[in-house]
Amino acid sequence: MNTEILSTHTPAMFREAVVRAVHWLRSGAVVALPTETVYGLAANALDPAAVARIYQIKGRPAHNPLIVHVASHAMLEELLPQLPPWVEKLSRAFWPGPLTMVLPQSGKIPGIVTAGGHTVAVRWPSHPFMQAVILECGFPLAAPSANLSNQISPTNADHVCAHLKGLIPLIVDGGQSQVGIESTVLDLTVSPPAILRPGMIHAGSLASVLGQVPQMEKAHNAILKSPGQLTRHYSPKAKVHLWSWTRESSLQQKLLTSGLDSSTTQILAHTCIPLEAGLAGVSVIPHDAEAFARALYSEWHQCDARGVRNIVVETPPDTPEWAGIMDRLRRAAA
Ligand code: AMP
Ligand code: MG
């Protein structure tokens, strides 16, 4: 299949790309679109045949449900007329943005989207391109990350091309994803609400709106409720190691005793930065959770492209702002 790749960096190009995306989505096709979290592989969420193509292209197991993307309150209320009380407050605080709410299914969303479950995950993305496409389509979009199943999520159009060129008719380049890791998934069908997947909207921010601290879903429950949350997930081909060091000499010592081959080991550091000598390379990511999240998957993609065997990540602080990043790092290192 010929894959058209369209840029969006002038108003005319943006407009043309919206028209092309809407054309393909209306015809039941699957296309890759930018969002602020990671790039999405989108289809009409109300068309079971189109959604089936997402699963087929990704090689995604049928028991792993998809997030439904909306771009207005009217669209949300049409899909789910009975909303739990928290939705209004949370949406006012965090939408559009990287928060996914798990809500009771209404029967309007096909079972293939929810993997046959009684709940549906919904998000209102902030990326202007995604919003324009959803509004012009007039229907919500089911969109998991635009990668093959079990690979790292794409945060720019090149990452998408590497996986999906030739498999879909259109990839839209909307620049680097500004959040860089997947959305926070919050289950509102339980009390208190439960975080199924941590993200950049962290427990503290949610608590300030909910008036109570959300639960952290225990891993074994989360696997049943949210099958995307398998222990080893979001991982590059290289082996990820989470290490702490306060001096370069202690890192060097750790490298020696670990038996890792330094020449194929990349270091991702944010605070104590080693010299590059003898290593595959050193990536410096700012000691700032938002900047770190934005850069992380790109670093992993680059490591895989260069054939790096081991990635040693300097452990970030154990604070709420870093919880989403720590979750991805732990899963990758599992
Ligand atoms: P992805 O779009 O690849 O980041 O995956 C979407 C993730 O959202 C899934 O792996 C689940 O963790 C979560 N999710 C989607 N729908 C539901 C749902 N109905 N209940 C719980 N979690 C869900
Ligand atoms: Mg994914």
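The values are calculated or read from the model by the stated rules, or taken from the named source; none is laboratory data. Source: prediction; values computed, not measured. Please note: Cβ atoms are built from the backbone with ideal geometry, for glycine as well, and neighbour counts cover all protein chains shown. In case anyone asks, the SASA skips ligands and DNA or RNA and just uses the protein heavy atoms, side chains included. Shrake-Rupley method; radii C 1.70, N 1.55, O 1.52, S 1.80 Å.
Within segment 93-129, whose backbone N sits under 20 Å from a point 7 Å along Cα→Cβ of A62?
Within reach of a label on A62, which here means backbone N under 20 Å from a point 7 Å along Cα→Cβ, segment 93-129 contributes 107-121.
What's log10 of I(q)/I(0) for segment 21-96 at q = 0.15, 0.17, 0.22, 0.23 Å⁻¹, Debye sum over Cα points only, no solvent?
-0.64, -0.80, -1.14, -1.18
Quick check: at a probe of 1.4 Å, how many percent of the accessible area of the chain sits on carbon and sulfur atoms?
On the way: 7560 of 13860 Å².
Answer for the chain is 55 percent, counting heavy atoms of protein chains only.
Quick one: length gained pulling A291 to A277 fully straight, 0.36 nm per residue minus the C-alpha distance? Present the calculation step by step, with values, prior to reporting the outcome.
Values: separation 14, 0.36 × 14 = 5.04 nm, distance 2.56 nm.
Stretched fully, the A291-A277 segment lengthens by 2.5 nm.
R15 to Q176: extension gain in nm, 0.36 nm per residue of separation minus the Cα-Cα distance?
Full-extension gain reported as 56.1 nm.
Report the label-to-label distance for A74 and R26 in nanometres (one decimal), using points 7 Å from each Cα along the Cα→Cβ vector.
Output for this residue pair reads 1.8 nm.
Suppose a student asked you for the relative contact order of segment 8-125, using Cα pairs under 8 Å spaced at least 6 residues apart; what percent would you report?
Numbers: 161 pairs, mean separation 29.9, N = 118.
Dividing the mean separation by the residue count of segment 8-125 yields 25 percent.
Report the label-to-label distance for S205 and K108 in nanometres (one decimal), using points 7 Å from each Cα along the Cα→Cβ vector.
So the label points at S205 and K108 sit 2.7 nm apart.
Could you give the alpha-carbon Rg of segment 86-149 over 2.2 N^0.38 Å, rounded to two decimals? It would help to have the intermediate numbers written out before the result.
Working: Rg = 12.7 Å, N = 64, 2.2 N^0.38 = 10.7 Å.
Against the compact-globule rule of thumb, the ratio is 1.19.
Please label the shape of segment 1-131 as rounded, prolate or oblate, based on the square roots a ≥ b ≥ c of the eigenvalues of the alpha-carbon gyration tensor (a/c under 1.5 means rounded; beyond that, a/b larger than b/c means prolate, else oblate).
On the way: a/c = 2.05, a/b = 1.26, b/c = 1.63.
It is oblate, given that a/c is not under 1.5 and a/b is not larger than b/c.
Calculate the tail of P(r) for segment 61-183: the fraction of all Cα-Cα distances greater than 16 Å, expressed in %. Working shown, then result.
Working: 4825 of 7503 pairs.
That fraction is 64 percent.
In segment 7-87, which trypsin sites (Lys or Arg not before Pro) are in a loop and have at most 14 other Cβ atoms within 10 Å, using DSSP for the loop call? Mind dumping the intermediate values first?
Numbers: sites: R15, R20, R26, R53, K58; in loops: none.
Within segment 7-87, no trypsin sites (Lys or Arg not before Pro) qualify (loop, at most 14 other Cβ atoms within 10 Å).
Across the Cα atoms of the chain, what radius of gyration and what greatest pairwise Cα-Cα distance (Dmax) are found, in Å?
For the chain, the Cα-based Rg and Dmax read 20.0, 60 Å.
For the chain, what is the accessible area per residue in Å² when the probe is 1.4 Å?
Working: 13860 Å² over 334 residues.
Value returned for the chain: 41 Å² of accessible area per residue.
To two decimal places, what compactness ratio does segment 119-180 give when its Cα radius of gyration is scaled by 2.2 N^0.38 Å?
Details: Rg = 12.4 Å, N = 62, 2.2 N^0.38 = 10.6 Å.
Relative to the rule-of-thumb radius for its length, segment 119-180 sits at 1.18.
Show me the trypsin sites (Lys or Arg not before Pro) within segment 92-151 that DSSP assigns to loop and that have at most 15 other Cβ atoms within 10 Å of their Cβ. Mind showing how you got there, number by number?
Values: sites: R92, K108, R123; in loops: K108.
Sparse-neighbourhood loop trypsin sites (Lys or Arg not before Pro): K108.
Just to be sure I understand: of the beta bridges DSSP finds with both ends in segment 230-315, what percent are antiparallel, rounded to 5?
Details: 0 of 13 bridges.
The antiparallel proportion sits near 0 percent.
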